[in-house]
1. Within segment 108-132, track down each residue that is crowded, with 19+ Cβ neighbours inside 10 Å and either in contact with a helix residue (DSSP H, G or I) (Cβ under 8 Å, 6 or more places away or on another chain) or hydroxyl-bearing (Ser, Thr, Tyr) (or both).
2. With the requirement that a residue be of a type in the set (S, T, N, Q) and either in contact with a His (Cβ under 9 Å, 6 or more places away or on another chain) or farther than 21 Å from residue 91 by Cα (or both), what does segment 9-30 give you?
3. Given the criterion crowded, with 19+ Cβ neighbours inside 10 Å and farther than 21 Å from residue 124 by Cβ, identify the matching residue among 34, 27.
4. Determine, yes or no, whether residue 19 is closer than 13 Å to residue 102 by Cα and touching a residue at least 60 places away in the same chain (Cβ under 8 Å).
5. Name the pairs whose Cβ atoms lie under 9 Å apart, with the first residue in segment 110-132 and under 11 Å from residue 69 (Cβ atoms), the second part of a loop (DSSP other than H, G, I, E, B) and open to solvent by less than 20 Å² (accessible area, probe 1.4 Å), and 6 or more positions between them or separate chains?
6. Tell me, which residue of segment 49-107 that is among the acidic types (Asp, Glu) and not in a loop (DSSP other than H, G, I, E, B) is surrounded by the most Cβ atoms within 10 Å (Cβ to Cβ)?
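The values are calculated or read from the model by the stated rules, or taken from the named source; none is laboratory data. Predicted model only: the values in this text are computed from it and were never measured. Here the Cβ is made from the backbone with ideal geometry for all residues, glycine too, and neighbour counts use every protein chain on show. Ligands, DNA and RNA are stripped out before the accessible areas are found, and what is left, the full protein with its side chains, is counted by its heavy atoms. Shrake-Rupley method; radii C 1.70, N 1.55, O 1.52, S 1.80 Å.
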Amino acid sequence: MIMWYILPIGDWEVVLDSFEFDQKVSADMFSSSADEGNKFLILNYTVTNNGKEAKDFTSIIGGVSMKAIFKEEYEYNYTVTMIDGDLGTGSIKPLATKSGFVVIEVPDSVADSKESLVVKLEDKDKAQITLR
């Protein structure tokens, strides 16, 4: 059971709205599929930039780093899909709020398991969301 709450992460206010596992993520005419034997963990967020300048929520340099931790020992990093709605593909203006998703590719065995799965977020601060 997820506890829905607002997480302060650096200059960001982050709310996990929902999550799901799927073979692909799509918007309009574009889609991205997970590799065979894998699924995407799709994390649907609403984020607010409380900083003083526009910036990316997630990015290769800077931004919030995010990873899924399975059974407290296996780590999976997020993947940028370049699809509309991906929070890694565009900056968010100061004091603006945006809803979108972040995907983390995991093996089918992780998606199908009932064992612990958490998402760790880190910027200037650290936070953890328990998915199961």
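1. Matches in segment 108-132: 117 only.
2. 18, 23 - these are the residues of segment 9-30 that are of a type in the set (S, T, N, Q) and either in contact with a His (Cβ under 9 Å, 6 or more places away or on another chain) or farther than 21 Å from residue 91 by Cα (or both).
3. So the residue among 34, 27 that is crowded, with 19+ Cβ neighbours inside 10 Å and farther than 21 Å from residue 124 by Cβ is 34.
4. Here the answer is yes, as residue 19 does meet what is asked.
5. 116/131; 117/131; 118/131; 119/131; 129/2; 130/2; 131/2
6. 86
Here is a yes/no grid of residues against (1) under 14 Å from the mean Cα position of the chain (by Cα); (2) within 20 Å of residue 8 (Cβ to Cβ); (3) charged (D, E, K, R):
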position: 45; (1), (2), (3): yes, yes, no
position: 64; (1), (2), (3): yes, yes, no
position: 85; (1), (2), (3): yes, no, no
position: 97; (1), (2), (3): no, yes, no
position: 103; (1), (2), (3): yes, no, no
position: 111; (1), (2), (3): no, no, no
position: 114; (1), (2), (3): no, no, yes
